[in-house]
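*Asks:* To start, I am sharing the structure in question, which I have written as structure tokens.
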Amino acid sequence: MILFELIDYDILRVIWWALLGVLLIGFALTDGFDMGVGALLPFVAKTDVERRVAINTVGPVWEGNQVWFILGGGAIFAAWPPLYAVSFSGFYLAMFVVLAAFIVRPVAFKYRSKRDDATWRTRWDWALFAGGAVPALLFGVAVGNVLLGVPFYLTEDLMPMYPGNFAIKFIGLLRPFALLAGVVSLSMLLMHGAAWLSLKAEGIVAERARAIGIKAGIVAAGGYALAGLWMAVGIDGFALGEVVANGPSNPLYSEVIRGGSWLSAYADRPWIAIAPIMGFAGIALAVLGLKAGREVSTLLWSKMGILGIISSVGLTMFPFILPSTLDPKSSLTVWDASSSHQTLFIMLVVTAIFMPLILMYTAWVYKVLWGKVTEAQVTENADTVY
Amino acid sequence: MEIGLVELSRMQFALTAMYHFLFVPLTLGLSILVAIMETVYVMTNRPIWRQMTKFWGTLFGINFVLGVATGITMEFQFGMNWSYYSHYVGDIFGAPLAIEGLMAFFLEATFVGLFFFGWDKLSKVQHMMVAWLVAIGSNFSALWILIANGWMQNPVGAEFNPDTMRMEMTSFFEVLFNEVAQAKFVHTVSAGYVTASVFVLGVSALYLIQNKHKDLARRSIAVASAFGLAAALSVVVLGDESGYSASHTQKMKLAAIEAMWETHEAPAPFTAIGFPDQDARETHYAVEIPWAMGLIGTRSLTQEIPGINDLVAESEEKIRDGLIAYDALMIIREQREATPQIVRETFEAHSDNLGYALLLKQYVDDPRNATEAQIKMAADDTVPGVAPLFWAFRLMVVLGFSFIAVMAYFFYRASFRNMQFPRWSLYAAVAIIPTPWIAAELGWFVAEFGRQPWTVDGVLPTALSASHLSIADLLITLAGFLIFYSVLFVIEVSLMVKYIRKGPFQDVDETNAWLERHEARLRSETPAPTLTATPAE
């Protein structure tokens with residue numbers, strides 16, 4: 001097949017790097033408010049009816065939203081196999097915790113209101129809380145660790161290795177900077193969940209959500225600024241020696257230098273400053289919107305804030321995807337950790353066909369479900385809704 | 001690598017995969033049955049069919065969510081536990097998984113919420129379309145997963161790239177239309193349809209025994225038995241197709257399933273029953289059916305099917321050939337672009353058997369230093385455990401044929417005996433509810449255990465595929481999954497039982513009102529022969 005040579009290998013790699021970002025951002029924007037609502041649940045809803053209102057705002061859509069996470073896994077596997085291999089096994093126990101959260105959450109949504117039993121329901125409410133809050137925190141911790149570099153190396157056969165004791169490796173993820181990144185992601189998604197509840201719920205639930213959302217937004221912006229400062233003064237970046245953008249996907253073929261700062265990217269490519277600006281502006285406008293009680297626009301600003309923050313991480317690190325502290329040479333970059341030319345091309349064609357379809361029918365579903373979830377609705381349809 | 005780690009990783013994969021497949025077959029079949037029932041409702045406008053749709057839909061939902069939840073583990077554990085596998089074949093194997101998400105899973109997951117929440121927000125036809133989209137999404141999901149699995153059984157359309165130290169795709173078309181994958185897909189989804197049919201049949205039979213919800217139960221049996229009969233036939237036919245394709249793609253698996261130690265003069269007999277002895281390499285007390293194996297395996301009277309002993313000798317040759325490729329690969333890895341062309345050519349000429357050289361890795365770090373004894377041991381390793389395969393396969397086949405009989409019987413009673421079912425048959429229908437799950441798990445056991453010692457047949461040994469984690473890592477997650485999954489299983493089954501006891505509770509008033517108005521007409525029509533077919537077709 002010669003068709004795939006229509007698009008150069010290096011261009012395909014950049015496209016797939018961008019698509020990786022699109023998937024992560026799509027996940028954060030959709031499933032992000034599900035996780036936010038879960039994490040907010042015990043604080044915004046006290047009675048059973050209030051909780052059911054909060055849960056039913058995401059009831060019909062969480063399942064579709066969660067597919068962004070699963071598709072993210074599949075797309076990393078298909079387009080960035082070394083990243084899939086190294087990161088998931090390197091963060092092994094943390095991944096297990098995230099999986100547990102993502103397994104218990106769907107079950108909690110579905111089963112919570114299937115029994116008329118207060119203890120049963122309270123247990124599932126806590127499962128929803130943990131299933132939202134824990135991954136929201138851990139995703140940030142993972143991003144923080146990627147910025148700091150991860151202790152792995154590749155053997156000559158390209159087998160990923162992670163020396164050290166399993167407990168130390170797991171606890172080792174909770175470094176101060178990584179925890180700060182975790183706080184940013186958790187508070188960002190709390191704000192997003194609050195913006196969603198303010199749009200889809202009403203009365204006391206929406207009111208409480210707004211109050212917490214404002215505080216969460218301020219914490220997110222403050223934490224993000226602090227993380228930026230920290231990166232400027234306290235964290236070593238990585239730099240690539242000679243760039244071979246069209247070479248084979250073998251990380252060991254490239255030279256990597258440890259040192260300097262990640263933030264030097266802003267000197268080399270000043271236009272990427274748009275990302276942090278969008279991050280701060282989005283959060284600020286979302287906080288103001290929550291204060292003023294605006295609904296639709298607040299959710300959109302919150303989305304812009306998340307888009308800015310996540311893309312700022314990727315743009316700052318480019319071309320690095322997963323730097324290694326143990327053996328910088330093993331670091332994975334856009335130029336040496338992708339699938340083959342042909343696979344990237346085929347996957348791009350498939351994505352170009354199906355992604356627009358997905359966006360279209362998802363938009364249609366949200367349109368059908370448009371409108372607030374009320375206490376009356378939940379009580380009248382007690383048998384059929386969550 | 002410690003052997004304990006590989007075994008623990010395999011146990012975890014087996015546990016999570018087999019648990020996942022407790023929910024998948026019911027999802028595959030019930031999604032279609034529910035869509036058929038809703039189609040009948042839209043076409044006939046009879047509330048009973050809406051009630052059926054909602055009732056079976058509720059049970060579908062309780063099951064579906066665990067299929068989704070446990071599927072998440074499947075998507076991520078290749079990277080977590082099988083990182084060398086992920087690196088080595090991700091260029092091919094990752095693509096169908098990602099396409100599954102894009103094309104199928106997004107569809108089913110997006111619309112399943114609307115199925116449950118959209119009754120009052122959509123028109124009847126729109127809601128029916130949503131039900132069909134969920135069913136189509138679920139079934140397409142299975143297609144892509146089986147394309148991925150089919151490639152592990154029969155790795156076509158790919159070759160090893162020495163620069164990236166991995167397999168890379170050479171033809172997406174070949175991966176897509178892999179004959180193993182296509183036969184497996186139809187076989188697997190049909191098994192799902194049988195599972196759902198047996199489930200609907202059994203629950204409905206329970207209602208008839210208890211003398212309640214009789215309208216719902218009779219109609220459900222009519223739909224399930226017709227659908228189930230077609231599916232049960234398809235499972236067996238496509239199972240045979242899988243056997244036929246194994247005779248040229250996975251000779252060792254076929255020989256092991258049949259406990260064929262020696263190559264038999266064509267046409268080979270089929271060993272119906274016997275006691276395979278792996279050490280002695282013979283089958284004791286074998287009861288043979290002449291010619292049958294040759295006919296099933298090759299569809300001819302003249303073609304031979306190689307036995308295990310000959311295949312082991314063949315493996316030994318392949319190991320020696322693979323060592324030539326391995327030697328060339330080491331030179332290429334050392335010298336990169338400076339490698340002489342002749343070395344690259346040598347590698348290409350022998351690279352098909354590179355995987356066989358890798359079998360030696362569990363005995364020596366550098367396969368080139370392997371002793372003659374180690375080469376012999378590695379060749380012996382290519383024989384999977386014969387006795388478990390032999391028995392698992394036979395039990396699966398017996399179950400498969402008995403589903404045809406069960407479905408044919410109920411289809412006959414429903415269609416030509418006015419939906420009157422003798423009590424013994426109803427008790428039997430309840431008793432056999434678990435059997436399709438047993439058959440499905442046995443099927444996966446035969447497919448996956450039969451592929452050992454490979455993760456990708458002839459390409460990558462299982463022992464090499466696992467992540468270099470610590471034993472403690474594995475023990476923690478294995479215990480975690482075991483406890484977590486057991487708790488979820490108990491909760492799921494208890495909810496299923498609760499909702500089956502509760503029965504079709506929705507729209508009872510509406511249905512009753514309608515029944516009253518049409519009482520006379522209904523009496524003359526019940527049992528109504530016109531309702532027995534599957535009008536959705």
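Read-outs throughout are calculated quantities, based only on the coordinates presented, and are distinct from any laboratory measurement. Since the model is a prediction, treat every value here as computed from it, not as a measurement. No Cβ is skipped: glycine too gets one built from the backbone with ideal geometry, and neighbour counts run over all protein chains shown.
*Asks:* From the Cα trace of the stretch B:339-386, what convex hull volume per residue do you get, rounded to a whole Å³? Kindly include the intermediate steps, with their values, before the conclusion.
*Replies:* Working: hull volume 4.3 nm³, N = 48.
Per-residue hull volume (Cα only) is 90 Å³.
*Asks:* Oh, and also: Would you compute, from DSSP H runs of 4+ residues alone, the mean residue ellipticity of chain A at 222 nm, taking -39500 (n - 2.57) per run and dividing by the full residue count, rounded to the nearest 500?
*Replies:* Numbers: 14 runs with 269 residues, N = 386.
Calculated mean residue ellipticity at 222 nm is -24000 deg cm²/dmol.
*Asks:* When a/c is below 1.5 the answer is rounded, else prolate if a/b is larger than b/c, else oblate, so apply that to the stretch A:190-313 with a ≥ b ≥ c taken from the square roots of the Cα gyration tensor eigenvalues.
*Replies:* On the way: a/c = 3.23, a/b = 2.55, b/c = 1.27.
Verdict is prolate for the stretch A:190-313.
*Asks:* Mean Kyte-Doolittle of at least -0.5 and a Cα length of 15 Å or more along the axis: which whole DSSP H helices of chain B meet both?
*Replies:* Working: long enough: B:3-44 (62 Å, 1.40); B:47-81 (50 Å, 0.48); B:83-99 (22 Å, 0.52); B:106-117 (17 Å, 1.92); B:124-153 (44 Å, 0.90); B:179-209 (45 Å, 1.25); B:214-249 (50 Å, 0.53); B:308-335 (40 Å, -0.05); B:386-416 (45 Å, 1.58); B:435-449 (20 Å, 0.80); B:471-502 (46 Å, 1.61).
Span-like helices, by this rule, are B:3-44, B:47-81, B:83-99, B:106-117, B:124-153, B:179-209, B:214-249, B:308-335, B:386-416, B:435-449, B:471-502.
*Asks:* Right, another one. Going by how many other Cβ atoms sit within 10 Å of their own, how do A:K200, B:K251 line up, fewest first?
*Replies:* Working: A:K200 25, B:K251 19.
Placing the least packed residue first, the sequence is B:K251, A:K200.
*Asks:* Would you list B:I92, B:I483, A:I274 from fewest to most Cβ contacts within 10 Å?
*Replies:* Working: B:I92 29, B:I483 10, A:I274 13.
Neighbour counts put them in this order, fewest first: B:I483, A:I274, B:I92.
*Asks:* To continue, here is another question. Mind checking which of B:L442, B:T462, B:A259 is farthest towards the positive end of chain B's charge dipole, using Cβ charges of +1 (Lys, Arg) and -1 (Asp, Glu) about the Cα centre?
*Replies:* Farthest towards the positive end: B:L442.
*Asks:* Within chain A, which whole H helices from DSSP have a Cα span along their axis of at least 18 Å and a mean Kyte-Doolittle hydropathy of 1.0 or more, if any?
*Replies:* Numbers: long enough: A:9-44 (50 Å, 1.50); A:62-79 (26 Å, 0.78); A:92-111 (28 Å, 1.69); A:118-148 (45 Å, 0.93); A:176-200 (36 Å, 1.44); A:203-234 (46 Å, 1.09); A:274-292 (26 Å, 1.90); A:296-317 (33 Å, 1.38); A:341-368 (40 Å, 1.52).
The qualifying helices are A:9-44, A:92-111, A:176-200, A:203-234, A:274-292, A:296-317, A:341-368.
*Asks:* Along each principal axis of its Cα atoms, how long is the stretch B:340-429 end to end? Whole angstroms, biggest number first, please.
*Replies:* 80, 31, 15
*Asks:* When the expected Rg is taken as 2.2 N^0.38 Å, what fraction or multiple of it is the alpha-carbon Rg of the stretch B:119-168? Please report the intermediate quantities before stating the final value.
*Replies:* Details: Rg = 19.6 Å, N = 50, 2.2 N^0.38 = 9.7 Å.
Against the empirical 2.2 N^0.38 Å value, I get 2.01 for the stretch B:119-168.
*Asks:* Something else about it: In peptide B:391-401, how many Cβ atoms from other protein chains are near each Cβ within 10 Å, on average? Walk me through the intermediate numbers first.
*Replies:* Values: counts 0, 0, 0, 0, 0, 0, 0, 0, 0, 0, 0.
The per-residue average across the peptide is 0.
*Asks:* Which order do peptides B:151-164, B:96-109 fall in by mean Cβ count within 10 Å, highest first? Present the calculation step by step, with values, prior to reporting the outcome.
*Replies:* Values: B:151-164: 21.0, B:96-109: 25.0.
The packing order, highest mean first, is B:96-109, B:151-164.
*Asks:* Using the per-residue mean of other Cβ atoms lying within 10 Å as a proxy for protection, in what order, highest first, do the peptides B:383-395, A:82-94 fall?
*Replies:* Details: B:383-395: 18.7, A:82-94: 25.4.
So the order, starting with the most tightly packed, is A:82-94, B:383-395.
*Asks:* Compute the projected area of the convex hull of the Cα atoms of the stretch A:56-116, averaged over all viewing directions, and report it in nm² to one decimal place. Don't skip to the end; give the middle numbers.
*Replies:* Details: hull surface 19.8 nm².
Answer in nm², one decimal: 5.0.
*Asks:* For the stretch B:150-300, what number results from the quotient of the Cα radius of gyration and 2.2 N^0.38 Å?
*Replies:* Details: Rg = 21.5 Å, N = 151, 2.2 N^0.38 = 14.8 Å.
With N residues counted in the stretch B:150-300, Rg over 2.2 N^0.38 Å equals 1.45.
*Asks:* Can you list the residues, at least 5 places off or on another chain, whose amide H is less than 5 Å from the amide H of A:T155, using H built in the peptide plane?
*Replies:* Hits under the 5 Å cutoff: A:M161.
*Asks:* Let me ask you something else. Work out how far the C-alpha atoms of the stretch B:56-95 reach from end to end along every principal axis, then list the three figures in whole Å, largest first.
*Replies:* Cα extents, longest axis first: 43, 18, 7 Å.
*Asks:* Let me ask another. With 10 Å bins from zero, work out the P(r) of the stretch B:308-381 over every alpha carbon pair and list the percent per bin.
*Replies:* 22, 47, 24, 6, 0
*Asks:* For the protein assembly as shown, state the semi-axes of the equivalent ellipsoid (square roots of 5 times the eigenvalues of the alpha-carbon gyration tensor), sorted largest first and rounded to whole angstrom. Don't skip to the answer; put the middle values down first.
*Replies:* Values: eigenvalues 384, 364, 88 Å².
In descending order the semi-axes read 44, 43, 21 Å.
*Asks:* For all pairs of alpha-carbon atoms in the stretch A:8-380, what percent lies in each bin of width 10 Å, listed from the first bin to the last filled one?
*Replies:* In whole percents, the pair-distance histogram is 5, 24, 32, 24, 12, 3, 0.
*Asks:* So what does log10 I(q)/I(0) come out to for chain B at q = 0.10, 0.12, 0.13 Å⁻¹, using the Debye formula with one equal point on every Cα and no solvent?
*Replies:* Rounded to two decimals, the profile gives -0.87, -1.16, -1.30.
*Asks:* Still on this structure, I have one more. From the Cα trace of the stretch A:96-197, what convex hull volume per residue do you get, rounded to a whole Å³?
*Replies:* Details: hull volume 14.1 nm³, N = 102.
Each residue corresponds to 138 Å³ of Cα convex hull volume.
*Asks:* Evaluate peptide A:101-113: per residue, the Cβ atoms of other protein chains within 10 Å of its Cβ; return the mean as an integer.
*Replies:* Details: counts 1, 5, 11, 4, 2, 9, 11, 2, 2, 10, 9, 0, 0.
Across the residues of A:101-113, the mean count of other-chain Cβ atoms within 10 Å is 5.
*Asks:* Would any residue of the stretch A:48-70 have its amide N under 18 Å from a label point 7 Å out along Cα→Cβ of A:T379? List them or say none.
*Replies:* A:48-57
*Asks:* What nm value, rounded to one decimal, do you get for the distance between B:M18 and B:A479 when each label is placed 7 Å out toward the C-beta?
*Replies:* Roughly 2.2 nm, to one decimal.
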